[in-house]
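Notes follow the structure.
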Amino acid sequence: MKTLKGPSLHLAQFSDDAAPFNSLPTIADWAAKTGFKALQIPAWDSRLFDLATAAESQTYCDDLVGMLAEHGLEVSELTTHIFGQLMAVHPAYDALCDSFAPPALHGNPKARGEWAHQQLLLAAKASARLGLSEMGTFSGSLAWPYLFPFPQRPAGLIETAFDELAKRWLPVLNACDEQGVNLCYEIHPSEDLHDGVTFEMFHQRVGGHPRCQILFDPSHFVLQQLNYLDYIDIYKDFIRMFHVKDAEFNPTGRQGIYGGYQSWTERAGRFRSLGDGQVDFKGIFSRLTQHGYQGWATLEWECCLKHPLDGAREGAAFIHDHIINVTDKVFDDFAGAPVDQQQINTLLGLR
């Protein structure tokens with residue numbers, strides 16, 4: 001067993017055009033004072049990180065690591081969710097996803113996808129230069145609009161979507177393998193990889209690729225009413241990243257999982273700050289520790305009610321208090337006694 005590392009902070013929800021959240025040095029100073037030990041950096045946010053330079057310059061990466069070390073911080077992982085989303089976009093979402101890419105690529109899904117592919121390759125190189133072994137991402141989605149099987153899905157629709165998804169991702173997985181980096185797909189509603197079954201469908205199609213791993217975030221399982229503790233037991237060998245995010249699900253006679261097209265505050269299922277939701281984090285930290293998870297516990301703050309600065313401050317303490325310092329002692333050793341093989345045979349009635 002290993003003691004989880006943490007708390008780390010995912011910066012995507014905190015970066016901003018206003019100080020101190022508009023540069024990595026200033027946000028690092030704030031994060032360290034708030035109680036975090038590492039930062040999870042969104043590779044797409046140029047206010048914080050120059051991806052192209054990081055992919056090619058060891059000096060840039062060394063300087064970044066050194067600057068964080070001055071604050072008592074390190075990089076836990078890079079995330080590439082925006083790039084991953086653009087790897088597979090159903091036409092219904094083209095206009096919404098265009099904003100994730102440079103303006104010159106808007107309205108050109110093919111060029112947008114090629115750009116995202118190249119950004120993922122750069123992020124794999126940058127991760128290696130930073131000494132990181134895990135990188136988070138989204139799978140993108142081709143089949144999501146067909147989640148509910150009415151009108152009846154034609155035979156082969158889902159299979160074709162997953163075949164294409166695997167075809168697009170396999171070169172990226174191979175590039176990650178060359179860099180010694182695991183690609184951890186966040187299992188997330190609106191992505192084609194949104195539960196255990198869909199991860200298995202994809203994993204099979206990429207030939208059980210050793211770099212195809214999982215970013216575990218229990219909040220998304222609360223919203224789809226999936227048993228996240230069983231999930232840890234089933235997929236323990238694939239879970240290489242962990243977002244610590246809370247959620248609640250309060251169905252009524254008027255709405256349930258689908259949320260009735262309501263805003264986040266009015267949905268039956270909604271994200272909450274750590275400790276304000278329904279996730280059994282004691283159970284989660286216990287399971288991950290038991291199964292030898294060796295990565296970071298990273299706060300991803302998303303809440304429709306609480307202020308983010310309060311969520312960060314409380315979240316850092318929450319994660320710190322839930323990390324189990326693994327024991328090096330066996331609690332009943334005091335009652336143990338040395339027994340040789342002859343005595344063992346006697347205890348079993350063997351002659």
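The values are calculated or read from the model by the stated rules, or taken from the named source; none is laboratory data. Note that the structure is a prediction, hence the values are computed from the model and not measured. Quick reminder, even Gly has a Cβ in these numbers, built from the backbone with ideal geometry, and neighbours come from all protein chains shown. Each accessible area value is taken on the protein alone, full model and side chains, heavy atoms only, with ligands, DNA and RNA left out. Shrake-Rupley method; radii C 1.70, N 1.55, O 1.52, S 1.80 Å.
A few comments on the model shown:
- Residue among VAL65, ILE158, VAL206 farthest towards the positive dipole end of the chain, charges placed on Cβ: ILE158
- Just the protein heavy atoms count here, and of the accessible area of segment 179-296 at 1.4 Å, carbon and sulfur take up 46 percent.
- Among beta bridges that DSSP assigns inside the chain, antiparallel share in %, nearest 5: 10
- Annotation: average projected area of segment 152-286 is 10.0 square nanometres, based on the convex hull of Cα atoms across all directions.
- Probe 1.4 Å, protein heavy atoms only - accessible area per residue of segment 180-304 in square angstrom: 40
- Summing Lys and Arg as +1 and Asp and Glu as -1 over all other residues whose Cβ lies under 14 Å from the Cβ of GLY208 gives a net charge of -1.
- Overall Cα dimensions of segment 1-114, principal axis frame, Å, largest first: 44, 34, 29
- Sequence of SER15, SER46 when ordered by accessible area, the most exposed leading, probe 1.4 angstrom: SER46, SER15
- Tilt relative to the chain, helix 281-290 - C-alpha long axis, 0 to 90 degrees, to 10: 70
- Within the chain: Cβ-based charge dipole about Cα centre, in debye rounded to nearest 20 (Lys, Arg +1; Asp, Glu -1): 420
- The local environment of ARG254, defined by Cβ-Cβ distances under 14 Å, has a net charge of 0 under the rule Lys, Arg +1 and Asp, Glu -1.
- Distance from the alpha carbon centroid of segment 4-80 to that of segment 120-143 works out to 16 angstrom.
- Along principal axes, Cα extents of segment 99-146, largest first, whole Å: 36, 29, 15
- A protection proxy built from the mean count of other Cβ atoms within 10 Å ranks the segments 17-30, 85-98, most packed first, as 85-98, 17-30.
- Answer label for volume of the Cα convex hull per residue in Å³ (calculated), chosen among (1) 170; (2) 145; (3) 211: (3)
- Put LEU121, LEU347, LEU193 in order of accessible area, highest first, and with a 1.4 Å probe you get LEU347, LEU121, LEU193.
- Using only the C-alpha atoms, the convex hull of segment 167-247 corresponds to 88 Å³ per residue.
- Karplus 3J(HN,Hα) series, Hz, for segment 91-102 with 6.51 cos²θ - 1.76 cosθ + 1.60 (x for Gly, Pro): x, 4, 10, 4, 5, 5, 8, 4, 5, 6, 10, x
- Distant-in-sequence amide H partners of LEU9 (H built 1.01 Å from N, under 5 Å): ALA38, LEU39, GLN40, LEU299
- Amide H contacts of ALA247 (H built 1.01 Å from N, in plane; Pro and chain starts excluded): ARG272, GLY277, GLN278, VAL279 sit under 5 Å, all sequence-distant by 5 or more or on other chains.
- Per-residue extension of 0.36 nm, minus the Cα-Cα distance of ASN174 and LEU147, leaves a gain of 6.8 nm for this segment.
- Ellipticity estimate at 222 nm from DSSP helix runs (n ≥ 4, -39,500 (n - 2.57)) divided over the chain, nearest 500: -12000 deg cm²/dmol
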